[in-house]
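What follows is a short report on a single structure.
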Amino acid sequence: MYGNKRFLTLRMAATLAAAIMTGSAAYPADSANPVENPTFKQLDANRDAYVDRDEGKKLKGFDKAFREADENRDGKLDADEFVKAQSVYERMRVEQFIDDSIITARIKAALFKDPQVSALDVKVETHMGTVLLSGFVDDEKQARRAAEIATWTRGVTAVRNGLVVKNGPERRAGEAIRQ
């Protein structure tokens, strides 16, 4: 139990640190005045001083931040609501990055512990819960085992196995394991 609390505390600290680092660089100084915010101006295509749902869809994944910031539930964000939405959106992006990093670390740790797979031969990348395995392994069994480890790691939504068997014909070990 203590380990989980410590992990959550470290995760919260990392999230806060990342938010501070990205928050200061993510938006130019003129974003203090919401109407002068370059992202707001870019999204407000019809220049009505609001960003509506359709305009907000230009930012991938912005819909959740939009809903949270639309305090009066009118389906559009004024300049002040937009600043809140930007903050929520940036926090979500930082959290996703941290979650992906944690998934990658879990998989690499499990690969290092596994006697069948050489963790040094397997590169692991994670984006939004999707894991890409790449590198060269000695045999098909190692490729399958690496994919199994990744598949059963908490937080993984899909695995793309791009591992290549060294001594076999040049081929990929397998494609999507879990979708």
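The values are calculated or read from the model by the stated rules, or taken from the named source; none is laboratory data. None of these values were measured; they are calculated from a predicted model. Note: ideal-geometry Cβ built from the backbone for every residue, glycine included; neighbour counts use all protein chains shown.
Brief remarks on what is shown
- Residues that are assigned to a loop (DSSP other than H, G, I, E, B) and of a type in the set (S, T, N, Q), drawn from the range 86-123: Gln116, Ser118
- From the list Glu95, Glu140, the one residue that fits, being acidic (Asp, Glu) and in contact (Cβ under 8 Å) with a residue 40 or more places away in the chain, is Glu95.
- Of the helices (runs of 4 or more DSSP H) entirely within the range 1-73, those holding at least 2 residues that are at pLDDT 75 or above occupy 38-43, 53-56, 62-69.
- Within the range 104-136, being of a type outside the set (Gly, Ala, Ser) and at positive phi holds for one residue alone: Met128.
- Scanning the range 143-163 for residues that are in a loop (DSSP other than H, G, I, E, B) and in contact (Cβ under 8 Å) with a residue 40 or more places away in the chain turns up Thr153, Arg154, Gly155, Val156.
- Residue in the range 93-116 that is small (Gly, Ala, Ser), within 30 Å of Glu55 (Cα to Cα) and not assigned by TED's automatic domain parsing to the domain that holds Arg160 present: no
- Positions within the range 120-164 being of a type in the set (A, V, I, L, M, F, W, C), surrounded by fewer than 18 Cβ atoms within 10 Å (Cβ to Cβ) and closer than 30 Å to Val94 by Cα, in sequence order: Leu120, Met128, Leu132, Trp152, Ala158
- Test: residue in the range 107-115 that is more than 24 Å from the chain's Cα centre (by Cα), exposed (fewer than 15 other Cβ atoms within 10 Å of the Cβ) and without any contact (Cβ under 8 Å) to a residue 60 or more places away in the chain: yes
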